[in-house]
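Notes to accompany the following structure.
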There are 2 protein chains.
Amino acid sequence: VTDPIPTPVRGQRDAVLVLDQRALPHREDYLECRSVEEVAAAIRDLAVRGAPVLGITAAFGVALAAAGAAGRGDGPEEALEQARQAGQTLKATRPTAVNIAWAVDRVLAAATIEGTPSEGDAGDPSRLADVVLAEAERIEREDAEACAAIGAAGAELIPDPANILTHCNTGMLCTGGIGTAQGAILTAHRAGKRVHVWVDETRPVLQGARLTAWELGRLGVPRTLVADGAAGSLMAGGKVDLVLVGADRIAANGDVANKIGTYGLAVLAQHHGIPFYVAAPFSSVDRSTPSGAHIIVEERDPAEVRAPLGVQMASADTPVANPAFDVTPAELVSAIVTEHGVIRSPFQETLRRAGSVRGAA
Amino acid sequence: VTDPIPTPVRGQRDAVLVLDQRALPHREDYLECRSVEEVAAAIRDLAVRGAPVLGITAAFGVALAAAGAAGRGDGPEEALEQARQAGQTLKATRPTAVNIAWAVDRVLAAATIEGTPSEGDAGDPSRLADVVLAEAERIEREDAEACAAIGAAGAELIPDPANILTHCNTGMLCTGGIGTAQGAILTAHRAGKRVHVWVDETRPVLQGARLTAWELGRLGVPRTLVADGAAGSLMAGGKVDLVLVGADRIAANGDVANKIGTYGLAVLAQHHGIPFYVAAPFSSVDRSTPSGAHIIVEERDPAEVRAPLGVQMASADTPVANPAFDVTPAELVSAIVTEHGVIRSPFQETLRRAGSVRGAA
């Protein structure tokens, strides 16, 4: 089967090609980022978004810096320093998505172990660039594998038939594979289950309307687009069997940071006795964050709210609050699906255990 | 004090002037409706919206039809028939707002009692037109008085200081006076209470972003605009003291139909122990509707969701559900504020009693 969704990011030695998701679904343009600053700008300006693919993009960004240093003939120490600085720049772009920091630390660790001057011929900056790029590609490949595993595990939670409510975008555009929450939906659909997806448009950036509705359409999964405010009456009308969303960061206790509006869906799901599931790669679990209270929620440009789609709605002096994420407490989460399977409460314990399994693998 | 908000509708013998709220806040244009069809189109296309002012507009629409018949030299029976047909046309525009039917029935009742051939010189079609116009003006005046009374009663529910979350638009643009929910906020503000309003942008038509944020700005009431999905995290963060909204129809048991998204706010308010108040003129109470289950929820044009602000987002073949309203069950409503004061549960009983007081007045 030809994959009908364009790859969100392509890492090369001399460039990171970023699909400009802001132009979707109308145009499929790639930005050619030839510097770390251009990669960082693509992340900050939401040309690329979604926690898993942000990690992949950042990893390719570090690889780009290392290759640039090698190309300029920098010495080995200087090349490593360039890679580290690139990592800092990329970590600073979006504070909530833990995957960026996780991926940056991972490629830098690979560089330090395999590519530093202390390791014989690894003192070659060109070798360092190779190591970082290879590690970034490994992260991408592993993410694809994680998506497949998440999809398989998550699909088991989906009855047949099922009306599924989702929020934001969790598909091929934001991962290295078939997606997280959407990967589970796609897996269930391909297994022959009769799934129908209510797609929240997801203001302010409309990832649901622009990306999820489009991806599901291309993939042949039945879906209906709704304004975010419609979720409550859909549930009250018995039209939602489960809520299934992604995550930007999962704290050690199972609290989940995800796109603004997710928390309201979790409260509504509880009120209506509907399961609320979160699907994410284990790299979204940040065990150094004890609970949701410790998650920094990014406040974005007020223009996203004042001028939706660039059309000025509220006057430029209208005060705006624009938190990009909210935090859903663990007690509202029915289960978390990662590549290690379906994890249930008590999350403090079950996440720790899943992490140990992973560490041992 | 000069009223800084333009009057939403002006009824004349030969025209109904409708402020085109779709152009707000950028332009203050009036549509000159010279036929009932033009008035109906202005209502259907949301040039004018908001339950109370829809009633006023419909009443002026019937008056326009009666004056038209008189101007054409129609006979008295024919003129009355024209007015009745106009009423039918206007009632069909938007099924959820009960105020349209209420106002149409009221001006037609006045016409039948005071303006029909059976009543001596009232057989003059020109007199019929006068009677209908006078009754429409009375409805407008009474709505202004109701708003003042709602404002006074509602302001008592607002602590000092208070962070108030509101949805859609309930101000001067949708009533004949200072507004319903927003009238209460304005009254509290003018009484010196330190109020701050969280304004839901209210997708899909963005009445909050375009109208409420603008009105409150002009009135000097502190406000902050947010995406609809932000309400949950504002409440979780302790930043909301009460929710205060309007109503398009209130059933006999206290169930409330209001702009899509209202029900979700009511569930969130209950979850956080925050009061959820509804403010509306008593004409929004429809005692012939036993409960919310009997309220027809209008399904609007999918383009409102697919192409926000006219910008095509989701492709034209994307399936959309676009219910304009939802129903909040009475058990989630802390109090209903009408011109008869603050009414609390059991609403079946308290609404009936308030109606009797009104009937006797």
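Inside the range A:307-361, residues that are within 30 Å of B:VAL205 (Cβ to Cβ) and under 19 Å from the mean Cα position of the chain (by Cα) make up a count of 6.
Matching residues to (1) in contact (Cβ under 8 Å) with a residue 40 or more places away in the chain; (2) more than 28 Å from A:PRO323 (Cα to Cα):
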position: A:LEU46; (1), (2): yes, no
position: A:LEU54; (1), (2): yes, no
position: A:PHE60; (1), (2): yes, no
position: A:ARG72; (1), (2): no, yes
position: A:GLY75; (1), (2): yes, yes
position: A:ARG84; (1), (2): no, yes
position: A:THR89; (1), (2): yes, no
position: A:THR93; (1), (2): yes, no
position: A:ALA97; (1), (2): yes, no
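For the range B:329-346, the criterion of being in contact with a His (Cβ under 8 Å, 6 or more places away or on another chain), surrounded by 19 or more Cβ atoms within 10 Å (Cβ to Cβ) and aliphatic (A, V, I, L, M) is met by no residue.
The rows are residues; the columns are (1) more than 20 Å from the chain's Cα centre (by Cα); (2) surrounded by fewer than 24 Cβ atoms within 10 Å (Cβ to Cβ); (3) away from chain B (no Cβ under 11 Å); (4) assigned to a helix (DSSP H, G or I).
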site	(1), (2), (3), (4)
A:ALA188	yes, no, yes, yes
A:GLY192	yes, yes, yes, no
A:VAL199	no, no, no, no
A:THR202	no, no, no, no
A:GLY208	no, no, no, yes
A:LEU244	no, no, yes, no
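Whenever a residue of the range A:216-233 is more than 7 Å from chain B (Cβ to nearest Cβ), its partners that are part of a loop (DSSP other than H, G, I, E, B) and surrounded by fewer than 21 Cβ atoms within 10 Å (Cβ to Cβ), lying with C-beta atoms within less than 6 angstrom and at least six residues away or across chains, give the pairs A:ARG218/A:PRO4.
A single member of A:GLU28, A:GLU32, A:GLU38 is part of a helix (DSSP H, G or I) and surrounded by fewer than 24 Cβ atoms within 10 Å (Cβ to Cβ), and it is A:GLU38. Sub-8 Å Cβ pairs linking a first residue in the range B:262-288 that is part of a loop (DSSP other than H, G, I, E, B) to a second residue that is basic (Lys, Arg), at least 6 apart or interchain, are B:ARG287/B:ARG352, ordered by first then second residue.
On the stretch given as the range B:181-213, residues that are closer than 21 Å to B:LEU54 by Cβ and without any contact (Cβ under 8 Å) to a residue 24 or more places away in the chain total 1. Based on this model, can you work out whether B:ILE178 counts as touching a residue at least 60 places away in the same chain (Cβ under 8 Å) and either more than 30 Å from A:LEU332 (Cβ to Cβ) or in a helix (DSSP H, G or I) (or both)? So B:ILE178 fails the test. Of the residues screened, A:SER291 is not one that is modelled with pLDDT under 95 and more than 8 Å from chain B (Cβ to nearest Cβ). With respect to A:ALA269, is the statement that it is open to solvent by 10 Å² or more (accessible area, probe 1.4 Å), within 13 Å of another protein chain (Cβ to nearest Cβ), farther than 29 Å from A:GLU145 by Cβ and not charged (D, E, K, R) true? No: the conditions fail for A:ALA269. Residues in the range B:298-324 that are at the interface with another protein chain (Cβ under 8 Å from one of its Cβ atoms) and in a strand (DSSP E or B): B:VAL320, B:PRO323.
For the range B:325-361, the set of residues classified as more than 30 Å from A:VAL197 (Cβ to Cβ) and part of a loop (DSSP other than H, G, I, E, B) consists of B:VAL333, B:SER334, B:GLU339, B:HIS340, B:ARG344, B:SER345, B:PRO346, B:ALA361, listed by residue number.
The values are calculated or read from the model by the stated rules, or taken from the named source; none is laboratory data. Nothing here was measured: the structure is a model prediction, and the numbers come from that model. Cβ sites come from the backbone with ideal geometry, for glycine too, and all protein chains shown count toward neighbours. Keep in mind that these areas ignore ligands, DNA and RNA; they rest on the heavy atoms of the full protein, side chains included. Shrake-Rupley method; radii C 1.70, N 1.55, O 1.52, S 1.80 Å.
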